[in-house]
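Each remark here refers to the structure printed beneath this line.
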Amino acid sequence: MSDPAIDESQDELRAAGMSEASIEGLTAFTRRFQTGLSAAQASAEGPDKFIEEYTADVQKFRDSMPEKDRAIYNDYLKKNGL
């Protein structure tokens, strides 16, 4: 199932020159957040543990991205106020 917001983000990152591997990885994290947060809210631990683990995993992924992709992503975050 396609998500227009994700498709738009992917198109913007692709147009900026980001590698497909980084785009796919970031998309996977977006989808993980969408499904994982609601499940975490229903768990005994609540969303805090999910957010903590998710944030650490995203940071590891960002650190592993090629330098050019990191620069593109940082520009994307700034442009979108994130």
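Per-structure values
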{"read-out": "Spherically averaged projected area of the chain from its Cα convex hull (nm²)", "value": "5.7 nm²"}
{"read-out": "Ranked Asp63, Asp7, Asp69, criterion: other C-beta atoms within 10 Å, fewest first", "value": "Asp63, Asp7, Asp69"}
{"read-out": "Whole-Å distance, taken between Cα centres, linking segment 21-37 and segment 45-82", "value": "10 Å"}
{"read-out": "Per residue convex hull volume, Cα atoms of segment 1-40, in Å³", "value": "64 Å³"}
{"read-out": "Order of Arg62, Arg31 - criterion: other Cβ atoms within 10 Å of each residue's Cβ, fewest first", "value": "Arg31, Arg62"}
{"read-out": "Estimated distance in nm for a label pair at Ile6 and Asp48, the labels positioned 7 Å out from Cα along Cα-to-Cβ", "value": "3.0 nm"}
{"read-out": "Formal net charge of residues neighbouring Gly25 (Cβ-Cβ distance under 10 Å; K, R +1; D, E -1)", "value": "-2"}
{"read-out": "Helical mean residue ellipticity (222 nm; -39500 (n - 2.57) per DSSP H run of 4+; nearest 500) of the chain", "value": "-26500 deg cm²/dmol"}
{"read-out": "Segment 11-82: GluC sites (Glu not before Pro) falling in loop per DSSP and having at most 15 other Cβ within 10 Å", "value": "Glu45"}
{"read-out": "Neighbour-count ranking [beta-carbon atoms within 10 angstrom, fewest first] of Ile51, Ile72, Ile23", "value": "Ile51, Ile23, Ile72"}
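Since every read-out is calculated from the coordinates, none of them should be taken as a lab result. Because the structure is a prediction, the values reported are computed rather than measured. Don't worry about glycine lacking a Cβ; one is built from the backbone with ideal geometry, like all the others, and counts go over all protein chains shown.
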